[in-house]
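All remarks here apply to the structure that follows.
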Amino acid sequence: MASEEEIRQAFREQIVAGQILGSPFTARLGKLMLEHLDRSTEVGRRILSWEGDPGTRGDLVPTRLAGALHALIIDGKDDRLKAAYPPNNVSDDALWTAIASAFETHEAFILERLNFAPQTNEVRRSSGLLSGFLAIADLFRRPLILSEFGASMGLNLNWDRYHYDLGGFLWGDPCSLVRLKPDWQGPPPPDVEITVTDRAGCDLNPLDPNSPEDSLRLLSYIWADQADRVERTRAALQIAREHPVLVEKGDALAWLKEKRLNDLVPGTIHVVYHSIAWQYLPPEARSAGEAIITEAGSRATEDAPLARLQMEMDEDPNSAALSLQIWPTGETRELARIDPHGRWIKWKGWER
């Protein structure tokens, strides 16, 4: 069982994340939980008796709780809570009173939602992924086969159905419902044609864009004061319904090893990619995953190369590394630093 101090530290991490990622309300929620959360309710007892790792690299308990509360609002289940949430502006006392009431009124729902790991599909990360795919296409000049690890609902498998403005470099469908324009620093990415011949993803619990319940779950984990993210995700959900992509249910490491990387196809480049997903694997699973990809890389040839594109957090809490490794050479480069939600990109590219 986690200590109460470890649990409270998880809420301190939530405060910092809200401050860094432009969500004052999320930071405010963390502060209120630190001040008021106790064992007087069943929800409080559950959280303060958490069995696993409550933090941002573990079970993300504050995100689970914030998602449960936000779901009540999106689904129209709690008008009192909705009146205290953005865009409304109420006092801390009024907000906490509404939250405490929700703990009692919707106890069963909140406790059930606390059982599930948060699932997000931040569409703006596709700006960084596209930049990486352009770099890969420029290096290899051949069609791409795509395998996304931890794909959730697969919204970032539809990256080529969005429109982008990357510092004035325009790419994609000009009529797309999803329009991405990150703050861009650095030279433009390569201007090269991309062809995708196959795409698939895997997730332990894939969400279905055609399921209202799954769509609610995905939207609920978006921070409540970031309405632009909610609308962008709704638009991506519409595209996902019109352009279904395969996201298989299962262990993604086994999926890579047994289904996706067992044969590299000559004349194509197979790209394994993931964004803010690898960190949630236990250390032993990360090691196993590295071994699986490295073994596949050892079988890569100039005619059947392999690439790994990843956008993952490292020692810098303010940004993620967008990095690319290619085989058969095994070379690795950091292509960019990117905001974890894709708001900005500092691009370097594959410097030869």
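Things to note:
- Placing R0 at 30 angstrom, the Cβ-Cβ distance between Leu216 and Phe169 gives a FRET efficiency of 0.25 after rounding to 0.05.
- For the chain, the membrane-span-like helices by this rule, meaning whole DSSP H stretches whose C-alpha atoms cover at least 15 Å of axis and whose Kyte-Doolittle mean is 1.0 or above, are 61-74, 125-140; this says nothing about an actual membrane.
- Distance in nm between pseudo-label sites at Gln279 and Glu242 (7 Å out along the Cβ direction from Cα): 3.4
- For the residues Arg12, Arg241, Arg232, a GNM of the chain with alpha-carbon springs under 10 Å puts the largest fluctuation on Arg241.
- Full-extension gain in nm, Val90 to Glu107, via 0.36 nm per residue minus C-alpha separation: 3.8 nm
- Debye equation applied to the C-alpha atoms of the chain, log10 I(q)/I(0) at 0.06, 0.07, 0.12 Å⁻¹: -0.23, -0.31, -0.89
- DSSP beta bridges fully contained in the chain are about 45 percent antiparallel.
- Note on Lys346 and Lys82: the model spin-label points, each 7 Å out from Cα along the C-beta direction, lie 4.2 nm apart.
- For the pair Gln19 and Arg57, label points projected 7 Å from Cα toward Cβ lie 2.0 nm apart.
- For peptides 269-282, 330-343, sequence by mean Cβ density within 10 Å, most packed first: 269-282, 330-343
- Two-decimal log10 I(q)/I(0) for the stretch 243-352, as the Debye equation yields it once each C-alpha is a single scatterer, q = 0.15, 0.17, 0.20 Å⁻¹: -0.73, -0.93, -1.20
- Neighbour counts of other Cβ atoms within 10 Å put Lys249, Lys348 in the fewest-to-most order Lys249, Lys348.
- The stretch 4-113 - convex hull of the alpha-carbon atoms, volume per residue in Å³: 96
- Helix-only [θ]222 nm of the chain, DSSP H runs n ≥ 4, -39500 (n - 2.57) each, per residue, nearest 500: -12000 deg cm²/dmol
- Amide H partners (placed H, <5 Å) of Leu207, local residues excluded: Met153
Each reported figure results from applying straightforward, stated rules to the coordinates on display, with no laboratory input. Here the structure is a predicted model, which is why all the values come from computation and not from measurement. Reconstructed Cβ throughout: ideal geometry from the backbone, glycine too, with neighbour counts over all protein chains shown.
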